[in-house]
Structures are given as C-alpha cells and as structure tokens.
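The numbers here are math on the coordinates, done by the rules we state, and not lab data. Source: prediction; values computed, not measured. No Cβ is skipped: glycine too gets one built from the backbone with ideal geometry, and neighbour counts run over all protein chains shown.
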C-alpha cells in the first residue's frame, strides 16, 4: 500500500500541480494584502485616526444607516443586524475583531476562501486524479497489474488526502508569511470571541468566550480542511465517473459556484440545506454569522457534508471496481 | 524524480493531515462543549483615554443632517466643515460622524450612553449635534395635521431628552464646546407656513434656552439661512438641504469652530 | 505437447442487448507466438481487454497459468505482461520512474530486475530522460520493458507494430520471436495485418464479428490461400489448359487466377509452354485479409 501511495505522490509531484497552486495562492494573497493595506489607509484618512474603536464604531453607524434604507431584502437586513450586534459586542468588550497583523489576515483569508477558493484549488488536483489516467491511457497498465482495483483507488484517495492537507497548510503558511511582510507577524495571541449563536435572526451572546487567535486559526483550518476534503472526495468521484477531466471540472465548478450564488437566495427554500454546496461555510458558525438557511447548525452542516462524503466515496469505489475500461 | 522528496512530502503531509484532523475535532469540541467564560476586564486591553493634543477632534451626533442626506456629494455639513478646517488650519482634524438617518432625540439620548461613543466624546474638542427635526416633523406627519397640542407634547419630550444629552456629554467632557444646530422650516413656502414657522421658532427658542443653561454650549441658528428662496437650498425631497444648503450651515459652524480653535 | 499457459473458454460479452463477443475459445501454449487476426471492429481489442482484466466478461472463463482472471485476479496477473494498444506511460515521468512505478506494484521486483529489462530492450542510455522526449519506438520498448518486469509467462501485445517505421517493425518482430524461443514465453499478438501475422506467428486465430472463425497453424491456414496470377498468350487456350488441373478464374485485364502450390505451378507452367502458350507473367499473390475472410466465411460480410 505504501508503495502505491508513493507512486501517486510521485505522479502528483511530477505534474507540478502543487507548485502551480502555490503560485496562485501567492498571487492572490499579494492582491488581498495590497487591497487590505489600501483599505486600512483610506479608513485612516477618512477618520484621521488609526484607532480601531473609532473605525469599528464608524462601521456600526454605517450599518445602522444602511438598515434605515427600505430597499434592503429581509435576509440581508437580518445579516446586517447580526453582524452589527456582533461588532457592538466586540466594542463593548473592548476587543479588536481585526487585530492588525499576519494572523488576522490569515484568519480572514482562510475564512473567506473556505467556500470557494480553497475548494477550487483542491479541484485542480482531485478532478484529474483518476480521469487523467484515462486520458493518458495509462489506466490500462495500472489496472493490469496484480493489484486489486480497490487498492489502487484507495492509494489514489490517500494521496489526495495528503494533497488536500498540503494545500490547506500551504495556503495558511503562504498567506501568513506574505502578509506578515506588510502587516507584521504579531497578534497570534490576540483574543477572539467565539460562541455566538444565531437563533431566529437574533444574536445570542450567552455562550460567548475568548479564544486566542492561534487556537481560533487552528480550528478554522480544521473546518476548512474538512470542507476541502468533502469537495475533494466529490470531485474524486466525478473523476471516476467522467472520463474527461475538463468535463469533471466543469461539473464541480458549476456545483461550487451555484452554491455560492444559492447561499444568498435560498433562505425560503429550506430543503436546500441538504445540498452540499450550501454547507461549505463552516467557519461562519465559529464567527456567529447567520447561516444561509434558518435552522442550520454546525452539526447539521457537518452531518450533511459527511453524508455526501460517504456517498461519494461509495460511488467512487463501486464504479471504479465495476467499470469496464474501453 | 527524487525519491527523497516523495518520501518527505508523504511524511510531512501525513503529519499535517493528523494536525488538521485534530484541529477539526477540537473545533467541534470547542463549539459544543466548551463552557462560556465571562470576559474579564483583564483579558482585554483598556481603552486609551488620552486626548490627542496635536489634533482637533470633532464628534458629530444626530440625524440625517449630520449624515448628509440630500447632499449629492455625500459630504453633508460635517464633511464640508472638516474640509474647511483642514484647509484653513495646519492641525490634523479627526472627525467621527455618528449620525444616523431618522434619529430622534430619544434615540440619541440612548446612543450617548454607549461606551465607545462616550469614549469618543471624551476625546473630542467639539461636539456637533443636529437633532429634533424628526421629533418635530415626524416624517411629514405633523404637516398633515398641525395640532398645537401634539407639538407641545413633542417639544416637552424633546426638551427633556436634550437636557439629558447635554448632561451626559458634559459629565464626560467638561472642556469640549457643544454646538446644537437649530432647525429651519423646510415648509416655509407651503400653505400653513405661519403655523409651521411658529412651531419651528418656538422649538428653536427652547433649544436656545436649554443650551444657555450649560457652559460652552452654543446654539447655532439656521432658520434665517433658509428663510428666503428655501427651495434653492433644499434637496428634491423638499425636506433635507441640498449641497448649497449644507454649505450655508457648514460656513456658520466652521466659523464658530475656527474661532474656538483660535481662542485655545 | 507443451503446457497451456492461457486458456479462453466460451468467452462472451454483451453490451446492452448487443452481444459483441459471441463465444470465443482458444488456448496458448508455452513458447509459441499466437496471432489474433481480424479486421478492425472484429472484437480483437475487446477480447484482449477481457484477457487482461480491463473488461469483465459476461460469461466464459479465462485462465492464466491455471488462475482464473475473474476469481483470482492478482494471482493471474502475476503471470501476465501486456501492452494494450499503445504503451501509454506517464510522459511527465522519466523512463526509470515509469518502471519504478510499475515495479512497486509487483511483489519482489527490485532495481536488479529493472536494470535487466532495461538492458533487454536497450534503453540504458535514455532511461533517465522524461518519456515525453522519447520516440514512438522507444516508448514501445519501454512499454515492453514494463510488461516484462514481472517475468510473465504470458505476454499480450495489442497491435505491437502500430505506428512503427519498417526498421522498428522488423526489430520488434525479432524481439518477440526471441522472447518466445529463448525465454519460453507465450505471446499473444493481435493484428489486422495478415503479413505481419504470417511473419511472426506460429499459430493464428481468425476473428470476425465477435467469433473465432478458424484456429490453426499459420502455414496450414494461410499457405493454402496463396494464389497464382497468370498472364497467358493466347489467353483462351491457356485458360483451357489450366482448367484441366484446377479451377482458374478470370480476374479481368487478361489475368487468370488459380490456386498456388510450388510443385503444381512448375508442372502447369511446363504444360502451358509445351502446348504453345507463352507465359508472359506469373506471380504469387498473398491473399488480402478480405479475400481470406470471404473464403472462410463463405461470402458473409465482415462487420
């Protein structure tokens, strides 16, 4: 088994996909860092001070004024109210929700990329894990060795798990080191509030507690990894079922993008919560962001994702073992 | 392909996988099991209450006039004042605009009790307030049915609120000058202008009297500014000032502020 | 009789309602090169893919060295080396890494064995270059090296000379013969080219429409099918004389076709000349595959 996994890792590394991903991440982090820097600058210019309390207060006031507008949709209004209450809570407890520094940047970056960007990166690897063997024709050599098909697929899947972990860790490390060049590396121990819950559109702060930023970051990464694994497994399955890598990527891409779009408009279609792509923003629960559909919880999202994961894995293995290779 | 790099990648990412799985279970544990802890003051850094001496700090409180509603450039009188001060003075100017559309005196009374607002008031050299317009006109309702009794009632509530607001501000900051911007009559060219004008002037009278009871508290009239050709200075909603209207208010406030600065 | 290494019994494959392989049976013996001859679409590739376990047969059995491919897949595969269609190796890896990749999938194959097969196919000098820089011939050789890694008893080669230049084809042919004769391998070669099978194989199975039409030694099957083409003057008299011995047929343009056999041809020639018919031209003609099929299937079309 270890030999087979090494084979897959060898192919993975030789294809240099991980390198490409690292470059993409680096470019994106560069862009985000620059954008963040600019926004901090304009904020400072506008307020004449770099005091975070003043700027947080300003954000609250701005939100309050937006809430006064009658053109807001109900869902959006609710979201705004919840985030405003949360900001007020931070302010009242004298905690900076975005302590300047690389750790905060990483946290923001990871949280914002958890439902689309990181799944996309994972897709690059996962979607051609099996279908590329078909495209190359090497599957004919691979499957005529004295090794059971299930074992071959398992070795590929293990390699995929390793690659997903590497991608998640790589994203965190690259964004940490690059953004630190601008924002500095301090803030690992900054306090972060967690435990906000949203019920019936209201922010419940009774369970709130403080967590060090590095702990929070690790928890974020754990959740992001889980999401990435689910997406990877699904595209792995698609890669088994669809022989063309491009078609497989297209299918997964459509699903992911539709999830991002749907999340903004499904609040009244409650059974949409069983779709995997609606459940990808797990980090939102730690931050007390209202889920796209009333009644979704961290546990329900994880259960839905687990169910998709198990189903995808089953289908992938079933199809791969049974399939005739023409 | 280097065999070593394959092996080291495998080992390294296997390790990462374990860490991430651990993090995941920790996140779940923490989310569902960890007990809420009351946040102790020692956990958080205390707010620095020092006033920045080098800078002129202004906090603007109030309603849509503070917000600048109706000014197509989005600045409002606060924005124009800050621009003028920045141009005319070599000091740094810090402006906190806390205005909220549609705010009434009762809401402002609550707002100034908030911790962060109080901190900002504490650091301010000047406090600008526009309030009362929504109390009096109630979004145009008063205009439909001008009932002297209702106006009387609103005025009493307003007086009590403004009294409390002044007290709160003064208790935090005894130094800062407070500028209460008076009301104008946007309906002066409509029928029943006599009634509305009387209501506004009486209202302003009360505001001026209340202001005089507090030290360094200045009532800034605007009624006169909008007395003639009011429609040239109003936004298309015929209620909020337009850019020119805000400019007139700002000129007056800026003049007072620069005097204050000069005195110091 | 030498040992049977590969035995196929009554193999069938249905796809949907269509039966594309309709009961194929044949056997391979140790040290022989067995040809699998048929036009494109006859079911050669499907059959071969069933042999190597890529496609699951609907019914029938395949045994490699006594192990059933379906029931004891890994055991059976240990004795099998194969190249299905082109040797599609990983272009982004070096030749060595490709071999390493497949060696890791086999029990007990180490560097020594890898070096041995590399030497056998003569790739020592380029083995550490990326496969994408290889010529087709080199890829073919690397493919064979890969197929020989597990010291197989049965080697299955699907169209091994496809796309090679004449020199490469000759080289490949010698190499395959050598494997069979010196190492005692059973080699199954599929081809749609009659000439290739004729030059390479000991025995041949002729496939069409998903069935084996005939199995036999190459000489018995193909040599009988050889024809002689005559151009005689005068034509009619020549035709008359030939009709006494055999069944000549008009082939247009003044040509006559008869069966061919060395001793008969000499005799007929003598006879013709003695009767005053000059033989302007006499050629041996290898039958084209289509003719052979027409002959074997009695005019049934190949589809």
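Picking from A:312, A:14, A:172, which is most flexible by a Gaussian network model of chain A using Cα springs under 10 Å?
Result: A:14 has the largest fluctuation of those listed.
Please sort C:228-234, A:158-164 by packing, taking for each peptide the average over its residues of neighbouring beta carbons within 10 angstrom, highest first.
The densest-packed peptide leads the list: A:158-164, C:228-234.
Taking the Cα atoms only, what angle lies between the long axis of helix B:148-172 and the longest principal axis of chain B, rounded to 10 degrees?
Helix B:148-172 and the main axis of chain B meet at about 50 degrees.
Listing A:314, C:34 from the residue with the fewest other Cβ atoms within 10 Å to the one with the most, what is the order?
With the fewest neighbours first, A:314, C:34 line up as A:314, C:34.
State, to one decimal in nm², a quarter of the convex hull surface area for the C-alpha atoms of segment C:15-76, i.e. the direction-averaged projected area.
Average projection, Cα convex hull of segment C:15-76: 4.8 nm².
Using a Förster radius of 56 Å, what is the FRET efficiency between residue C:125 and residue A:310 based on their Cβ-Cβ separation? Nearest 0.05, please.
0.65
Per q in 0.14 Å⁻¹, report the Debye log10 I(q)/I(0) for segment A:97-226, using one uniform scatterer on each alpha carbon and no solvent.
Results for segment A:97-226 at q = 0.14 Å⁻¹ read -0.75.
Most mobile of C:46, C:74, C:246 per a Gaussian network model of chain C (Cα springs, under 10 Å)?
C:246
Just how many % of Cα pairs in segment C:96-172 lie over 17 Å apart, if you round to the nearest whole percent?
44 percent
What distance in nm separates the simple spin-label points at residue A:261 and residue C:14, each placed 7 Å from Cα in the Cβ direction?
Here the modelled spin labels are 4.4 nm apart.
Within segment A:10-45, what residues put their amide N at less than 16 Å from the label point 7 Å along the Cα-to-Cβ vector of residue B:2?
Residues A:10-11, A:13-16, A:19 fall inside that zone.
So how far apart, in nm, are the two label points at residue B:113 and residue B:157 if each is 7 Å from Cα heading toward Cβ?
1.6 nm
Which values, in whole Å and largest first, are the semi-axes of the equivalent ellipsoid of chain A obtained as the square root of 5 times each eigenvalue of the Cα gyration tensor?
With the √(5λ) rule applied to chain A, the semi-axes are 40, 23, 16 Å.
Can you work out the PRE-style zone for residue A:112? Point 7 Å along Cα to Cβ, and I want the residues of segment A:180-196 with backbone N under 16 Å.
Under 16 Å, as judged by backbone N against the label point of residue A:112, lie A:180, A:182-183 of segment A:180-196.
Return the single residue from A:284, A:137, A:180 with maximal mean-square fluctuation; model: Gaussian network over chain A, springs between Cα atoms under 10 Å.
With Cα springs under 10 Å in chain A, the top fluctuation among A:284, A:137, A:180 is at A:137.
For segment A:139-168, list residues with backbone N below 16 Å from a point placed 7 Å from the Cα of residue A:26 toward its Cβ?
Output list for this probe position: A:167.
If you take the beta carbon distance between residue C:247 and residue C:202 as r and set R0 to 35 Å, what does 1/(1 + (r/R0)^6) give as a FRET efficiency, to the nearest 0.05?
E(calc), rounded to 0.05, equals 0.70.
If Rh is defined by the Kirkwood formula over all Cα pairs and Rg also comes from Cα, what ratio Rg/Rh do you get for the protein assembly as shown?
1.25
Quantify how strongly other chains surround peptide C:96-108 by giving the mean number of their Cβ atoms within 10 Å of each of its Cβ atoms.
Averaged over the peptide's residues, the number is 5.
What do you get for Rg/Rh of chain C when both radii come from the Cα atoms and Rh is the Kirkwood radius?
Rg divided by Rh gives 1.08.
Counting each DSSP H run of 4 or more residues in chain C as -39500 (n - 2.57), what helix-only mean residue ellipticity at 222 nm follows after dividing by all residues, to the nearest 500 deg cm²/dmol?
Theoretical 222 nm ellipticity from helices: -10500 deg cm²/dmol.
Neighbouring Cβ atoms within 10 Å as the yardstick, rank C:164, C:142 fewest first.
With the fewest neighbours first, C:164, C:142 line up as C:164, C:142.
Looking at the calculated P(r) for segment A:173-326, what percent of the C-alpha pair distances fall above 28 Å?
35 percent
Just the ratio, please: alpha-carbon radius of gyration of segment C:227-285 over 2.2 N^0.38 Å, N its number of residues.
Normalised Cα radius of gyration, segment C:227-285: 0.95.
Could you give the spread of the C-alpha atoms of chain B along their three principal axes, from largest to smallest, in whole angstroms?
The principal-axis extents, from largest down, are 92, 45, 42 Å.
Any idea how far the Cα center of segment B:13-29 sits from the one of segment C:183-232, in Å?
Segment B:13-29 and segment C:183-232 have Cα centres separated by 63 Å.
Hey, rough spin-label estimate for residue B:167 and residue A:247, points 7 angstrom out along Cα→Cβ, what's it come to in nanometres?
Result for the modelled spin labels: 7.8 nm.
If R₀ is 25 angstrom, what is the calculated FRET efficiency for the pair residue C:284 and residue C:237, using the beta carbon separation as r and rounding to 0.05?
0.65
If you fit an axis through the alpha-carbon atoms of helix A:52-67 and take the longest principal axis of the Cα set of chain A, what angle between them do you get, 0 to 90°, nearest 10?
90 degrees
So what's the angle, to the nearest 10 degrees on a 0 to 90 scale, between helix C:111-121 and the longest Cα principal axis of chain C?
20 degrees
May I ask you to sort A:140, C:17 by Cβ crowding, counting other Cβ atoms within 10 Å and putting the fewest first?
In increasing order of surrounding Cβ atoms, one gets C:17, A:140.
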